[in-house]
Every structure is written in C-alpha cells, then in structure tokens.
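J.: Sharing a structure below in structure tokens format, with a few things to ask.
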Amino acid sequence: MEFTQALSWIGFVLGMFIAIPQIVKTIQMKSARDISAITFVVILATSTCMLIRAIAIKELAFICYYTYLLCANMFQLFLIRKYRTPEKASMPQ
C-alpha cells in the first residue's frame, strides 16, 4: 500500500468521527433548536459532488468517506426535522 493511500484510509477513519458527536448530542438532548439545517444541506451537496469525483477517479477511500458523510448528514437532517419544534408551538399563549 502506498503512503498516500494509507493516509487516505487514515483520513477516512478519522473523518468518521466528525459527525458522531453532533448526532449523539442531538439524540441525547432530543433537541435541534440551535442546529443549522442549511449547513447540513450544503455538506450534502458538497459530499455528493465529491463522491461523483471519487467514483470517476476510482479512489475507494474517498468513495467510502463521502458515502459515509452523505449517510451521516442525512441522518442528522432527519434528527433536525424530528426534534425541531416550530417557534409558534414553543411560545406560551
């Protein structure tokens, strides 16, 4: 295995830990009030573009990483939708 390929796989493993803390916190708090959904939509768009590029150049570590990012960010968007409360519903009447 080439040095740069090994670095790609190390980066993939380390990159997997990027999304986990936010997902865990959202599940524990059962709240997504302070999380920007737009950020995760932009990450989805970026990851999609990068995944297409990784497939085109047949780089397995990057294909795995961007596939993981797509799944993790879609799950975070699901959690945001599930736990976000409408502003009007949280205001006393």
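The values are calculated or read from the model by the stated rules, or taken from the named source; none is laboratory data. A quick note: this is a predicted structure, and the numbers were derived from the prediction, not measured. Neighbour counts run over all protein chains shown; Cβ positions are idealised from the backbone, glycine included. Heavy atoms of the whole protein, side chains included, go into the accessibility calculation; ligands, DNA and RNA do not. Shrake-Rupley method; radii C 1.70, N 1.55, O 1.52, S 1.80 Å.
J.: Let me know the charge dipole size of the chain about its Cα centre in debye, to the nearest 20, where only the beta-carbon of Lys, Arg (+1) and Asp, Glu (-1) is charged. Working shown, then result.
T.: Working: 9 positive and 4 negative charges, 92 e Å.
Dipole size: approximately 440 debye.
J.: Considering just Cα atoms, how many Å³ per residue does the convex hull of the chain enclose? It would help to have the intermediate numbers written out before the result.
T.: Working: hull volume 7.8 nm³, N = 93.
Value for the chain: 84 Å³ per residue.
J.: Towards the positive end of the charge dipole of the chain, with charges on Cβ (+1 Lys, Arg; -1 Asp, Glu), say which of F78, G15, L60 has the farthest Cα.
T.: With unit charges placed on the Cβ atoms, the residue in question is F78.
J.: Quick one: which of 25-36, 73-84 comes out on top by average Cβ neighbours within 10 Å, and what's the full order, highest first? Write down the numbers at each step before the final one.
T.: Numbers: 25-36: 13.1, 73-84: 16.0.
Averaged packing, sorted descending, gives the order 73-84, 25-36.
J.: What 222 nm value per residue comes from the helices of the chain, counting each DSSP H run with n ≥ 4 as -39,500 (n - 2.57) and dividing by all residues, nearest 500 deg cm²/dmol?
T.: Numbers: 5 runs with 72 residues, N = 93.
Theoretical 222 nm ellipticity from helices: -25000 deg cm²/dmol.
J.: Then there is this: Would you work out what percent of the accessible area of the chain, with all protein chains in place, is carbon or sulfur (probe 1.4 Å)?
T.: Percent of accessible area from carbon and sulfur atoms in the chain: 70.
J.: Same structure again: Which of the DSSP-defined H helices in the chain satisfy a minimum axial length of 27 Å, computed from C-alpha atoms, and a minimum mean Kyte-Doolittle hydropathy of 0.5? Working shown, then result.
T.: On the way: long enough: 37-57 (30 Å, 2.17); 60-83 (34 Å, 1.07).
Helices passing the filter in the chain: 37-57, 60-83.
J.: Next question, about the same structure. Over region 8-52, with the other protein chains present, what is the accessible area per residue in square angstrom, probe 1.4 angstrom? Please report the intermediate quantities before stating the final value.
T.: Numbers: 3100 Å² over 45 residues.
Spelled out: the 1.4 Å probe surface of region 8-52, per residue, equals 69 Å².
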